[in-house]
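The values are calculated or read from the model by the stated rules, or taken from the named source; none is laboratory data. Keep in mind that what you see is a predicted model, and the values were worked out from it rather than measured. Cβ: placed from backbone, ideal geometry, glycine included. Neighbour counts: every protein chain shown.
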Amino acid sequence: MSIAIIGDDLSGSNDTAVYFSKYGFSSCVLNYPEGFQLESGFCDVLAISTNTRESVPQEAAEVAKEVSTYLLQLGIDNIYKKIDSTFRGNIGAEVESIMETIGIPLALICPTFPNLQRTVHSGSLYIDGILLEETPFAQDPGCPVRESYLPELLKKQTSLNVSLLDLNTVRKGVEAVTEALLRFAGNGKCMVVADAVTNEDLEVLISVNRALLPPMLFCGSAGMSSVMLSSSKVFTQPKAPPVMIIVGSVHPHNRRLMDAATSAQAAGEVFLDPDCMQDPDMIAKALEKAETLLRENKNIILHTYQCAEARKASRDRARRDISEERELPANIGKGLQNFAAALLKHHLFSGIIVTGGSTALYILRGIEGAGVKMVEEMEVGLPYGTVIGGPLNGLGIITKAGGFGTEGAFIEGIAYLKNKYLKERGTE
């Protein structure tokens with residue numbers, strides 16, 4: 001997850017998040033306070049609805065601070081502040097709070113949404129060509145807006161400087177807008193209201209040379225975010241998330257497939273010692289390695305594979321106790337199940353590759369899957385399908401018997417699952 005949206009109501013947050021989904025990002029919207037800290041590592045884009053549009057300014061600012069602090073803890077620094085296209089809510093208080101919390105000295109604010117006839121000209125907001133204060137939004141029972149001139153409205157909501165970037169400057173192009181923002185920022189922390197009437201105007205605003213500017217917070221309606229996505233100037237197209245390969249079979253052929261994948265730097269190995277499946281220290285170290293690889297968007301191979309000598313020693317230890325010998329395969333299966341399920345719960349994957357029939361069953365049950373919808377064969381002996389049921393319904397899965405598969409099967413399987421993932425989201 002690398003992008004966050006902070007909105008002040010649920011429908012508006014949904015309106016913005018859905019644009020990201022249309023462009024191939026997996027996005028989710030969580031509510032404050034009950035849901036905003038739920039596990040969301042499976043999303044590219046996390047939208048949080050603070051539900052503070054009708055709150056008093058101080059409360060709205062405090063919630064914005066709490067949410068921003070949480071996003072920083074997640075390591076997210078690409079934040080978009082979603083505002084209402086009719087400028088309802090505590091926009092000044094919330095934007096100032098976010099700027100202060102994440103250390104950003106400049107905010108560019110533009111509620112323009114040309115597709116819905118919401119435009120800003122000479123600092124005033126128009127709805128269908130009518131000044132905001134003359135529309136029904138001025139009489140909104142929960143959050144009336146009786147001022148059309150946005151710089152003046154913002155000054156009543158914030159202690160920061162407020163400036164206007166006029167349409168004449170916007171129409172001069174990116175260089176002129178960048179220079180104007182530099183001048184505004186030179187006077188200290190500030191919010192800049194920008195004129196924009198068309199999507200082309202919004203395109204100019206989001207194309208500013210950010211390398212020359214101090215860190216800047218974009219604040220806009222779904223109109224601005226949709227232009228950002230279509231132009232890829234701020235939010236680049238998502239990469240396919242990693243693939244997890246789970247090797248439960250001890251067939252020696254799998255070692256060759258693993259070596260081929262690691263030699264090609266297609267994946268990193270995470271080893272679970274089959275003799276220590278209940279050892280919290282071993283699990284913690286393996287989890288730390290897996291998390292490190294996933295943070296770098298690297299594919300992982302989760303396995304318990306040992307050399308022949310180590311496998312013999314493990315079996316010999318188990319044979320000293322007949323019950324332990326019988327339980328060893330189940331202990332390994334359950335260990336892989338629990339470890340893989342934890343990663344699948346907290347991270348987004350393009351799909352999984354599982355070797356060994358019993359291992360596949362453990363993994364499927366670990367994610368509450370009822371079965372697999374078969375689609376096609378990636379190569380002989382490696383069927384591809386999607387998980388049926390459970391929270392990961394639709395997850396791509398390739399299964400492989402121990403001795404099956406060409407030497408490059410894992411490498412090809414990774415590319416295959418990632419292509420499937422992107423194709424399903426229209427970003428191939």
* To do: Can you tell me which residue within the range 355-382, out of those that are of a type outside the set (G, A, S) and in contact with a Ser or Thr (Cβ under 6 Å, 6 or more places away or on another chain), is farthest from A415 (Cα to Cα)?
  => K373
* Asked: For the range 3-22, what are the residues that are hydrophobic (A, V, I, L, M, F, W, C) and part of a strand (DSSP E or B)?
  -> I3, A4, I5, I6
* **Test: L294 is within 24 Å of S26 (Cα to Cα), modelled with pLDDT of 90 or more and out of contact with any Asp or Glu (no Cβ under 7 Å at 6 or more places or on another chain)** => yes
* Would you point out the residue of the range 243-257, among those that are over 29 Å from the mean Cα position of the chain (by Cα) and not small (G, A, S), that is modelled with the lowest pLDDT? => V250
* Asked: Out of curiosity, is I48 among the aliphatic types (A, V, I, L, M), within 21 Å of H346 (Cβ to Cβ) and in contact with a Phe, Trp or Tyr (Cβ under 9 Å, 6 or more places away or on another chain)?
  -> yes
* Restricting the first residue to the range 121-135 and requiring it to be free of Cβ contacts under 8 Å to residues at least 24 places away in the same chain and over 12 Å from R146 (Cα atoms), which pairs with a second residue that is crowded, with 16+ Cβ neighbours inside 10 Å and among the small types (G, A, S) meet a Cβ separation below 9 Å and a spacing of at least six or different chains? -> Y126/S148
* Positions within the range 5-15 being closer than 23 Å to E62 by Cα and in contact (Cβ under 8 Å) with a residue 12 or more places away in the chain, in sequence order -> I5, I6, G7, D8, D9, L10, G12, S13, N14
* For the range 203-217, does any single residue satisfy the condition of being acidic (D, E) and either in contact (Cβ under 8 Å) with a residue 40 or more places away in the chain or within 30 Å of L293 (Cα to Cα) (or both)? -> no
* Structure fact -> Counting only residues in the range 393-403 that are small (G, A, S) and closer than 28 Å to C28 by Cα, the one surrounded by the most Cβ atoms within 10 Å (Cβ to Cβ) is identified as G396
* Structure fact -> Selection from the range 129-162 of residues closer than 23 Å to G186 by Cβ and either of a type in the set (A, V, I, L, M) or not assigned by TED's automatic domain parsing to the domain that holds E96 (or both) yields L150, L154, L160, V162
* Wholly within the range 71-147, strands (runs of 3 or more DSSP E) carrying at least 1 residues that are surrounded by fewer than 24 Cβ atoms within 10 Å (Cβ to Cβ) and over 30 Å from the mean Cα position of the chain (by Cα) -> 118-121, 124-127
* Which residues, counting only those in the range 182-206, are surrounded by 18 or more Cβ atoms within 10 Å (Cβ to Cβ) and assigned to a loop (DSSP other than H, G, I, E, B)? -> D195
* Asked: When the range 396-428 is examined, which residues are found to be among the polar types (S, T, N, Q) and in a helix (DSSP H, G or I)?
  -> N419
* Index of the failed condition, A240 passing every other in (1) among the hydrophobic types (A, V, I, L, M, F, W, C); (2) assigned to a helix (DSSP H, G or I); (3) under 23 Å from the mean Cα position of the chain (by Cα); (4) closer than 30 Å to L302 by Cβ -> (2)
